[in-house]
1. Taking a 1.4 Å probe, which of Ser76, Ser144, Ser135 shows the most accessible area, and what order do the others take after it?
2. Apply the Karplus parameterisation 6.51 cos²θ - 1.76 cosθ + 1.60, with θ equal to phi minus 60°, to every residue of the stretch 309-319 and state each ³J(HN,Hα) to the nearest whole Hz, in sequence, with x for glycine and proline.
3. Could you work out how far the C-alpha centroid of the stretch 275-301 sits from that of the stretch 83-127, in angstrom?
4. Averaging sequence separations of C-alpha pairs under 8 Å and six or more residues apart, then dividing by the length of the chain, give the relative contact order as a whole percent.
5. Report, to the nearest whole %, how much of the accessible area of the stretch 190-339 belongs to carbon and sulfur atoms, 1.4 Å probe, protein only.
6. Take the Cα radius of gyration of the chain and divide it by 2.2 N^0.38 Å, with N its residue count; two decimals is plenty.
7. So between Asp178 and Val90, what do we pick up on full extension, going 0.36 nm a residue minus the alpha carbon distance?
8. If I stretch the segment between Ser218 and Ser308 completely, what's the gain in nm (0.36 nm per residue apart, minus their alpha carbon distance), one decimal?
Amino acid sequence: MVVIPVTVLAVAATGQVEIYKPHSAYAVDVIDDVIVVATRGGLSPGPSGGAGFASADAGNSWSSWDGPVPAVPRMSACVPGRPDRCYRIVPTRLKVEESRNGRWVTAWEISPSDQDRLARAHAPEHPEHAEVVASLGIAVGKLSGGYVVVVANGADGIALRDASGVWRRLGWAEKGFDPSNAVSLAAPGRYPDSVPVVALLAALAAGLVTLGCGVRRSDFAKAALALWVGVWAFHSGMNTPILFNPFAVLLAAVLVPAGATVMIMSAVRGGTRLRVWAIGTLTAAVVYYAIMTPFYVWSAEGLEHYASAVGLSITLGLATISTGVLAVIKLRGPRRDVS
């Protein structure tokens, strides 16, 4: 009687959820001195395809564009009337090269490590909706006093070379692009919200395994597993696209107290020392920070690539739990109780 109304409410809420897909600039063109940027993304349900923004003053101000947008991005473009001055994008990179004296040299770029951080900054709530952060299309237009180069950079917005030769990144604004909205390269790196949750679940598992090696009873191991599953079920039930999952929350309400009670009773019957509890608790705390510290360091630009933080996190986590388990085994001594 309690669960069914809540479930109906939760299911009904799914029809009202609007999914935000990151904006992406995928192609650019210059039509009659007007810069046109083809974009996709935004809230769904909503208009899809054919969306774009335009600027008639070399990128200083923008407005919505209802006219035709470039369907296919161009990889290179030359200054009108100057076939010797051309620009091209570098695939998979935030990088533009220009031709000088018969060879290609870098005109503008974001380092691979900063590009990785920008990709994390634009990560969507649902990974399947992610848009690339890389140069996808380029256009060159001649204006009075010089020419402009416009680059579509996916989820990061656009890059613009003005008539004076200065390059700048323009982030997403309400109706177009604005340099002040570009994600700062000096901003802390953003790691997924799931990382602390995974670290917490791993730390809990590490503490329970360490305690299990000290108690050495099958009923303790089963209760510890039930407790961990209950905590996981509670998190899963409270973090869903709908209101919440009542079945997962109800399962957690049963498993967590039951598992904790049986664990304590089993440890008492086995005569577990307080030192074992202390080592298990300390192991859980240290494992959490061992997993999270590489991400803190990466966020503060102490590590160049996110993958390095992931690898170091796994290594430190395994090393920490191994140390805790070995400490408990050494303290416990040879196995005596097999009940």
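The values are calculated or read from the model by the stated rules, or taken from the named source; none is laboratory data. Here the structure is a predicted model, which is why all the values come from computation and not from measurement. Counting neighbours? That spans all protein chains shown, and the Cβs are built from the backbone with ideal geometry, glycine included. The protein model used for the area step is the full one, side chains on, heavy atoms only, and it has no ligands, DNA or RNA in it. Shrake-Rupley method; radii C 1.70, N 1.55, O 1.52, S 1.80 Å.
1. Ser144, Ser76, Ser135
2. Coupling constants for the stretch 309-319: 5, 4, x, 5, 4, 4, 4, 5, x, 5, 5 Hz.
3. Each part's Cα centre sits 37 Å from the other's.
4. 15
5. In the stretch 190-339, the share of accessible area belonging to carbon and sulfur is 74 percent.
6. 1.38
7. Extra length from Asp178 to Val90 when fully extended: 29.3 nm.
8. 28.6 nm
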